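Take a look at the structure set out below.
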Amino acid sequence: MKIVLGIMGDWITSVQNGWDVTGLAALFVAVLAFVSFGARLAWIDARTHLLPNKLVLPWMRWTFVLLVVAGLAHGEPQRAIGAVAGGVVLFAGYLVLHLVQRSGMGMGDVKLAAILGAYLGFVSWWHVLWGTLFAFLLGSLFALGGIVVGRMRGSTSIAFGPFMLLGAVIALAIGS
């Protein structure tokens, strides 16, 4: 989030110079949505192992709209393209994982990947890569820890959404 907040800071400076209120407003709402929906979905997924469509689908729709508007309104079409491409790439990657092992990756995770890919892609392709790697690393460490202490077995399923969200937050926080 540090890098996104840094982008917002740069854009605030440009607004003070008399332009781009629309881009800044769209980015600000997108960041608020990330915090609001992300926290709520992490909590729900950790408790129920479900990412409900009634939350995921509206967030997905608005994420793409807001990030594309933010990039285009600010005169940075590469950010809009990065958001769409990052969302599509992560959606496709997670969909392949779901199709290979349906019990290992749910469709809620696949849809959440599209959302997080948009946020990460808005910043850079490196953020898409690091956000994904952090998610799998954190999820693997959690599962390994559960196995080591005897609370889980290799076949135990975990809620992966919180790790996806945390991985994205870490990638956004470390910057480029």
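The values are calculated or read from the model by the stated rules, or taken from the named source; none is laboratory data. Note that the structure is a prediction, hence the values are computed from the model and not measured. In this analysis, Cβ positions are derived from the backbone assuming ideal geometry, glycine residues included, and neighbour counts consider all displayed protein chains. Areas reflect the complete protein model, heavy atoms only, side chains present, ligands, DNA and RNA absent. Shrake-Rupley method; radii C 1.70, N 1.55, O 1.52, S 1.80 Å.
With the requirement that a residue be part of a helix (DSSP H, G or I) and open to solvent by 30 Å² or more (accessible area, probe 1.4 Å), what does segment 86-108 give you?
Step one: list which residues in segment 86-108 are part of a helix (DSSP H, G or I), which gives 86-100, 107-108.
Result: Val88, Val89, Phe91, Ala92, Gly93, Leu95, Val96, Leu97, Leu99, Val100, Met107.
Mind telling me which of the residues Ile44, Ile3 ends up being out of contact with any strand residue (DSSP E or B) (no Cβ under 6 Å at 6 or more places or on another chain), within 28 Å of Ala159 (Cα to Cα), modelled with pLDDT under 95 and part of a helix (DSSP H, G or I)?
Numbers: Ile44 fails: modelled with pLDDT under 95.
One residue alone meets the criteria, Ile3.
Is it the case, given these coordinates, that Ala114 is of a type in the set (A, V, I, L, M), buried (at least 19 other Cβ atoms within 10 Å of the Cβ) and under 18 Å from the mean Cα position of the chain (by Cα)?
Details: of a type in the set (A, V, I, L, M): yes; buried (at least 19 other Cβ atoms within 10 Å of the Cβ): yes; under 18 Å from the mean Cα position of the chain (by Cα): yes.
It is true that Ala114 is of a type in the set (A, V, I, L, M), buried (at least 19 other Cβ atoms within 10 Å of the Cβ) and under 18 Å from the mean Cα position of the chain (by Cα).
Which is open to solvent by 60 Å² or more (accessible area, probe 1.4 Å), closer than 23 Å to Ile44 by Cβ, in contact (Cβ under 8 Å) with a residue 24 or more places away in the chain and in contact with a Gly (Cβ under 9 Å, 6 or more places away or on another chain), of Phe163, Phe136? Working first, answer last.
Values: Phe163 fails: open to solvent by 60 Å² or more (accessible area, probe 1.4 Å).
Just one listed residue meets the conditions, Phe136.
If we scan segment 136-147, do we find a residue that is part of a helix (DSSP H, G or I) and polar (S, T, N, Q)?
Quick first cut of segment 136-147, residues part of a helix (DSSP H, G or I) only: 136-147.
If we keep only those that are polar (S, T, N, Q) as well, we get 140.
Yes, some residue in segment 136-147 is part of a helix (DSSP H, G or I) and polar (S, T, N, Q).
Here is a yes/no grid of residues against (1) surrounded by fewer than 19 Cβ atoms within 10 Å (Cβ to Cβ); (2) among the basic types (Lys, Arg); (3) closer than 16 Å to Gly87 by Cα:
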residue: Thr22; (1), (2), (3): yes, no, no
residue: Ala30; (1), (2), (3): no, no, yes
residue: Leu41; (1), (2), (3): no, no, no
residue: Pro52; (1), (2), (3): yes, no, no
residue: Arg61; (1), (2), (3): yes, yes, yes
residue: Ala70; (1), (2), (3): no, no, yes
